[in-house]
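J.: Let me give you the structure first, and then I'll get to my questions.
The values are calculated or read from the model by the stated rules, or taken from the named source; none is laboratory data. Note that the structure is predicted; figures quoted are calculated from it, not measured. FYI the Cβ positions are ideal-geometry reconstructions off the backbone, even for glycines, and counts take in every protein chain you see. Remember, those area values only see protein heavy atoms, side chains included, never the ligands or the DNA or RNA. Shrake-Rupley method; radii C 1.70, N 1.55, O 1.52, S 1.80 Å.
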Amino acid sequence: MKTIAEASRKTPVLCETDVVVIGGGAAGIGAALSSARSGAKTVLIERYSFLGGCQTLTFNPSFSFIDDHIQGGVVQELIDKLIEGKAILPSNAGGIKEHWSTREGCYYFDAEYYKRLLDILMAEAGVKMLYYSYAVDAAVEGGSIKAVVIETMEGRQAVLCKSVIDCTGIAELAWRAGAECEGEEGYPDDRFGPFKGQHMGFGYGYYLRNLDYKKFREFAEENPEEFDGWVKGRKLFQEEKATGRLHSLRDSLIFQEYEDGRVWMLSPGYSIPKGRHPWEADLITEATVDMRRQAWSIFELCRERIPGFEKTEISVTPTRLMFRDSHRIVGEYKITEKDIYSGRTFEDSIACCNMPPDYFYPNGSHKFDFNLTPYDVPYRSIISKDFDNLLAAGGAISMEFIPFAALRYCVPAMCVGQAAGTAAALASKEKVAPKNIEVSKLQSKLASQGFVTTNKNLDPALVEMYRKRTKSWGGGFGM
Ligand SMILES: Cc1cc2nc3c(=O)[nH]c(=O)nc-3n(C[C@H](O)[C@H](O)[C@H](O)COP(=O)(O)OP(=O)(O)OC[C@H]3O[C@@H](n4cnc5c(N)ncnc54)[C@H](O)[C@@H]3O)c2cc1C
């Protein structure tokens, strides 16, 4: 590979803090709020101009697989605030609702309300926000990160810190800082047939406007098989793909229509060729162009063929793609497939999760696997083995590919983020590195935040309900 030498430079220090959280998605929201509320001086660095990450940036305005016997904490607080603000949208999201023990399992919300709400909550908690700031490197001394280097409109600047929480979803800071990371492998073995060695690929949602809602609903009710479920238009896609007119990775339509004429479209996807990786700039560019072409092709098909869509227009496509599997830190412990499928309990567990693995296949199909009961996330899996003050949350924690397919999701990301933020604040208060905190103290702090830290504390009747659900749902559903 050809290289060039860059001039060495002195980087100005922008500010000094206890805890730096990088990335303002679900994981970063949980981390920054809990760190600041636990008394640590906290800076949240976000590349774009709003919070929410994939929930607002790539248009997944939702929380799914909510079970308030399990999550508590920031997740429950945000849902309460969205309900209070009348920002929850109606949805027909599959058969999830009736299976969850208390509240509905799936919430779709108004993303613009959510962005504003998050700005307010960060300000109230005293988090220092840095938007338009891209974390690109770290200053490392011994086994610790001393500063995070960011690119801003003013150039390169440094944020001095005691702890760092990588909430980029893709371990971007950890990787750039030189912490050992993995994530090259994609689908790991022969069980995944032709997909072995391939990444899950990219996805996103986009919006249409001007749907004639009433007309579409009448049509959907007259054609329930084809148009009234979560997955729609299978025959239509087959026909149109056969003519060569439709450009789509998926073989079906997924959308959610709203009475005000908005349609949330979820269909474009991109299959990453074997041997290529989602962090390659030219590949991401090709994918972006291709997915925009898919978005237009799918929209034009709907406008032409589905009653109610005649006057629709694309109102917005996202600024960037959603990256599914990418880098993950190598931690003090790596969560295994066996751990989550056996519902393993860990003494150092800091979050309990009910999210099932969700396999996005490179051919555009997708399958949940419900064959599991709530499982634990051990503290050691969120600490980098290389740096004693580098934590991760969301899709960047230390785990095999299969647990990644579950733990990257919004609710576990926010819960693990909350645990990481509380841990970093505790470390700062006790003047030790996060690697050296007493986990039992962290567990009691989290419990006092209304948070369930281990499946050991769940009512056995609830665990039994999950076991039964596995049977009644036949293991999973796909699309
Ligand atoms: C269309 C769609 C549908 C989905 N459906 C569901 C669903 O039904 N249920 C569910 O739970 N999940 C779903 N997901 C996935 C879910 O949204 C994500 O897994 C989750 O939001 C990830 O949260 P995160 O905080 O770990 O990462 P992200 O949301 O990716 O947030 C990372 C943040 O970090 C910022 N960032 C990254 N690198 C840097 C850097 N170097 N410097 C500064 N900032 C940086 C990014 O800008 C971003 O804001 C869906 C996603 C999409 C796009």
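J.: Please go through region 10-65 and pick out each residue that is farther than 18 Å from Ala423 by Cα, touching a Gly at 6+ places or on another chain (Cβ under 9 Å) and more than 15 Å from the ligand (Cβ to nearest atom).
T.: Thr11, Pro12
J.: Looking at (1) touching a residue at least 40 places away in the same chain (Cβ under 8 Å); (2) more than 14 Å from the ligand (Cβ to nearest atom), find the lone condition where Val432 falls short.
T.: Of the numbered conditions (1) touching a residue at least 40 places away in the same chain (Cβ under 8 Å); (2) more than 14 Å from the ligand (Cβ to nearest atom), the odd one out for Val432 is (1).
J.: Let me ask something else about it. For the list (1) of a type in the set (S, T, N, Q); (2) open to solvent by less than 10 Å² (accessible area, probe 1.4 Å); (3) without any contact (Cβ under 8 Å) to a residue 60 or more places away in the chain, I need the number of the one condition that Ser252 fails.
T.: The number of the failed condition is (3).
J.: Moving on. With the requirement that a residue be surrounded by 15 or more Cβ atoms within 10 Å (Cβ to Cβ) and either touching a Lys or Arg at 6+ places or on another chain (Cβ under 8 Å) or not in a strand (DSSP E or B) (or both), what does region 256-275 give you?
T.: Matches in region 256-275: Glu257, Tyr258, Gly261, Arg262, Val263, Leu266, Ser267, Pro268, Gly269, Ser271, Ile272.
J.: Now, a different point. Can you tell me which residue among Asp212, Asp228 is surrounded by fewer than 21 Cβ atoms within 10 Å (Cβ to Cβ), at pLDDT 95 or above and out of contact with any Leu (no Cβ under 9 Å at 6 or more places or on another chain)?
T.: Asp212
J.: Here's something else I'd like to know. Which residues, taken from region 388-400, are over 19 Å from Ala351 (Cα atoms) and either within 16 Å of the ligand (Cβ to nearest atom) or touching a Pro at 6+ places or on another chain (Cβ under 6 Å) (or both)?
T.: Residue satisfying the conditions is Asn389 alone.
J.: Further, regarding this structure: Report every pair of residues separated by at least 6 positions or lying on different chains whose Cβ atoms are under 9 Å apart, first residue within region 57-68 and closer than 11 Å to Tyr107 by Cα and open to solvent by less than 10 Å² (accessible area, probe 1.4 Å), second hydroxyl-bearing (Ser, Thr, Tyr) and modelled with pLDDT of 95 or more.
T.: Hits for this filter: Pro61/Tyr114; Phe65/Tyr409.
J.: Would you tally the residues in region 163-211 being under 30 Å from Val19 (Cα atoms) and assigned to a loop (DSSP other than H, G, I, E, B)?
T.: Qualifying residue count for the region: 10.
J.: Got a sec? Which of Ser297, Ser326, Ser315 is of a type in the set (Gly, Ala, Ser) and open to solvent by 40 Å² or more (accessible area, probe 1.4 Å)?
T.: Ser315
J.: OK, next. In region 111-122, what residues are open to solvent by 50 Å² or more (accessible area, probe 1.4 Å) and either under 28 Å from Asn354 (Cβ atoms) or within 20 Å of the chain's Cα centre (by Cα) (or both)?
T.: Matches in region 111-122: Glu112, Tyr113, Arg116, Asp119.
So that you can scan it fast, the table gives a plain yes or no per residue for (1) open to solvent by 40 Å² or more (accessible area, probe 1.4 Å); (2) of a type outside the set (A, V, I, L, M, F, W, C); (3) not in a helix (DSSP H, G or I); (4) not assigned by TED's automatic domain parsing to the domain that holds Lys367:
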{"position": "His247", "(1), (2), (3), (4)": "yes, yes, yes, yes"}
{"position": "Pro278", "(1), (2), (3), (4)": "no, yes, yes, yes"}
{"position": "Asp282", "(1), (2), (3), (4)": "yes, yes, no, yes"}
{"position": "Arg292", "(1), (2), (3), (4)": "yes, yes, no, yes"}
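J.: Given (1) within 11 Å of the ligand (Cβ to nearest atom); (2) open to solvent by 30 Å² or more (accessible area, probe 1.4 Å); (3) farther than 11 Å from Ile45 by Cα, identify the lone condition not met by Ala171.
T.: The one condition Ala171 does not meet is (2).
J.: Checking the condition closer than 17 Å to Ser35 by Cβ, open to solvent by 10 Å² or more (accessible area, probe 1.4 Å) and at pLDDT 95 or above, which residue from Ala125, Ala177 passes?
T.: Unique residue meeting the criteria: Ala125.
J.: Checking the conditions here, which among Gly28, Gly39 is of a type in the set (Gly, Ala, Ser) and more than 17 Å from Leu130 (Cα to Cα)?
T.: Only one candidate passes the filter, namely Gly39.
J.: Continuing with the same structure: So is Met129 assigned to a strand (DSSP E or B) and within 21 Å of the chain's Cα centre (by Cα) or not?
T.: In short, yes.
J.: Going by what's in this entry, would Ala396 be described as touching a Lys or Arg at 6+ places or on another chain (Cβ under 6 Å), touching a residue at least 40 places away in the same chain (Cβ under 8 Å) and under 30 Å from Pro278 (Cα atoms)?
T.: Yes; evaluated as a whole, the condition is true for this residue.
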